[in-house]
Amino acid sequence: MTADIERHAAERILVLDGAMGTMIQQNKPDEAAYRGERFKGHPADVGGNNELLSLTQPDMIRQIHADFLEAGADILCTNTFGANAISQADYDMTDLVYEMNVESVRLAREAADAAATAERPRWVAGGIGPTNQTASISPDVNDPGYRAVVFDDLARAYGDAARALIEAGADLILLETIFDTLNAKAAIFAIEALRDEGLPVPPLMISGTITDRSGRTLTGQTPEAFWVSMSHARPFSIGLNCALGAGEMRSHVRTLSEVADTRVSAYPNAGLPNEMGGYDETPEETAAHLGEWADAGLVNIVGGCCGTTPDHIRAIAKAVEGKAPRPVPDKVRHMRLSGLEMFEAASAGQQNKGAA
C-alpha cells in the first residue's frame, strides 16, 4: 500500500476529503443522537463529542465518507480528531478511545473499499488531532511555568490513539491541526515507540496550523521552522490546514514548498469565519485558489478543512485534475536548525562562492 500511494502521488495531485465536523453539524444531531441507545445513562453530557458518533450513529459517518468519495476524494480522514484520552476526558469517555479509533477506521475502510477501483485506489488516513491542551504554553497567566499537561501525558495519549489506528488498518497516520510543535514531537515520539515494538507504522502525514495573519503557529514558529522541527520524522507529507482560508494561506504554503524535501499538503478552511462562526466561501472560490496553487507547482495533496463540503471537494478535485504534482526536491544535505525561525548553515561551497 505504501508503494501504491507513493506511485499515485508521483503521478497526480491527490485529493483529501473535507470537513467531518461541518458535515456532522449539517445532520444536526442532538444529545439523544450522540448518546444513542448504548449511552442513554452516561452521567456526563456528550453533545459535541463527534468521535462518539462512530459508535452511536455509524450510518451517518459512513454516509459522510461516501459523499466525499463520490465528490472525488482520494484520501478519507477518519472521524478521530478528538479520539484520544486527553480530549475524551471532557466527556468521561477515556475508556472508549481504542474502540472509537478502531470503529472509525472500519467505517472509513468500508466506504473507501466500496469506491476503489484498480485504476484509482482510495486510502484511509487515521487522523490524530492536537488534543485540547498545549505543552508549551501555560493556561494560567499568573503562573507562566505551569502546564496542564506534560510531554509524557501527551505521548501516552497519542500512542494509544495511534496504536488503535494502526491495528485497525489505517493506510496513513495524519497528525493534523498542529498548533504546538512540542505536542507534535510527543506524537512522533509515541509513534516511533510503536515502530520499535514492531508495529507496521504506515506513512506519516503532518499538518500544522498558522493561527492568524502573523504567519506563525500558536507557539511562535514560522512555517520553515515548523518543517525543520518535523523533518526528522521523514514524513510522507508536510502541510498546513485550518485557521486560515486559502487566500491567507497561500504564502505559507509557498514557503513550505520552497524548503520541504517531501510532499506538501494543504487543506484550508472555506474562507475566514463570519461573525456567526460560519464559512461563506463558495466551492468555486476555494477551488480557484487551489487550482492556482497547482498551476504554480506548490502542492502534492489538497483538500478542505472547516466549512468545506462535498461540493467544495468536487470543485477542488476538478480544479487540480490533470495538473502535475509539485516535484519533490532532493534531500537537503546541509544543516538546518529551528527555534522560532529556521537557521540554515551555509555549505563550504556556498561559503567559497560568497567569498569569491
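Tell me, please, whether a residue that is in a loop (DSSP other than H, G, I, E, B), more than 20 Å from R336 (Cβ to Cβ) and touching a residue at least 12 places away in the same chain (Cβ under 8 Å) can be found in the stretch 180-189. Yes: one or more hits.
Here the stretch 272-308 is the region considered, the condition is being surrounded by fewer than 22 Cβ atoms within 10 Å (Cβ to Cβ) and polar (S, T, N, Q), and the residue that is farthest from F68 (Cα to Cα) is N274. Return a yes/no flag: does the stretch 39-51 have any residue that is exposed (fewer than 13 other Cβ atoms within 10 Å of the Cβ) and charged (D, E, K, R). Checked the stretch 39-51: at least one residue is exposed (fewer than 13 other Cβ atoms within 10 Å of the Cβ) and charged (D, E, K, R).
Of everything in the stretch 111-127 that is part of a helix (DSSP H, G or I) and within 21 Å of the chain's Cα centre (by Cα), the residue that is farthest from G322 (Cα to Cα) is A111. Restricting attention to the stretch 305-356, the residues being at pLDDT 95 or above and hydroxyl-bearing (S, T, Y) number 2. When T78 is tested against (1) crowded, with 22+ Cβ neighbours inside 10 Å; (2) of a type outside the set (A, V, I, L, M, F, W, C); (3) touching a His at 6+ places or on another chain (Cβ under 8 Å), just one condition goes unmet, and that condition is (3). Filtered by the rule that a residue be surrounded by 24 or more Cβ atoms within 10 Å (Cβ to Cβ) and part of a loop (DSSP other than H, G, I, E, B), the stretch 168-179 gives a lone residue, A170. Scanning the stretch 160-183 for residues that are among the acidic types (D, E) and closer than 28 Å to A225 by Cβ, we see that the one that is farthest from the chain's Cα centre (by Cα) is D180.
Taking the criterion of being of a type in the set (D, E) and closer than 10 Å to N79 by Cβ, the only residue of the stretch 17-66 that qualifies is E51. Annotation: of all residues in the stretch 196-224 being in contact with a Phe, Trp or Tyr (Cβ under 9 Å, 6 or more places away or on another chain) and outside any loop (DSSP other than H, G, I, E, B), the one that is nearest to E248 (Cα to Cα) is G208. Of everything in the stretch 114-167, what is surrounded by 14 or more Cβ atoms within 10 Å (Cβ to Cβ) and in contact with a Lys or Arg (Cβ under 7 Å, 6 or more places away or on another chain)? Give them in sequence order. Selection gives A115, A116, V124, A135. Whenever a residue of the stretch 64-80 is over 16 Å from D171 (Cα atoms), its partners that are surrounded by 21 or more Cβ atoms within 10 Å (Cβ to Cβ) and charged (D, E, K, R), lying with C-beta atoms within less than 6 angstrom and at least six residues away or across chains, give the pairs F68/D17.
Per this entry, A193 is counted among residues that are part of a helix (DSSP H, G or I), of a type in the set (G, A, S) and either modelled with pLDDT under 95 or surrounded by fewer than 20 Cβ atoms within 10 Å (Cβ to Cβ) (or both). When we screen R234, R250 for residues that are within 21 Å of C77 (Cα to Cα), modelled with pLDDT of 95 or more and not polar (S, T, N, Q), the only hit is R234.
The values are calculated or read from the model by the stated rules, or taken from the named source; none is laboratory data. Keep in mind the model is a prediction, meaning the values are calculated, not measured. A quick note on method: Cβ atoms are made from the backbone with ideal geometry, for glycine too, and the neighbour counts reach across all protein chains shown.
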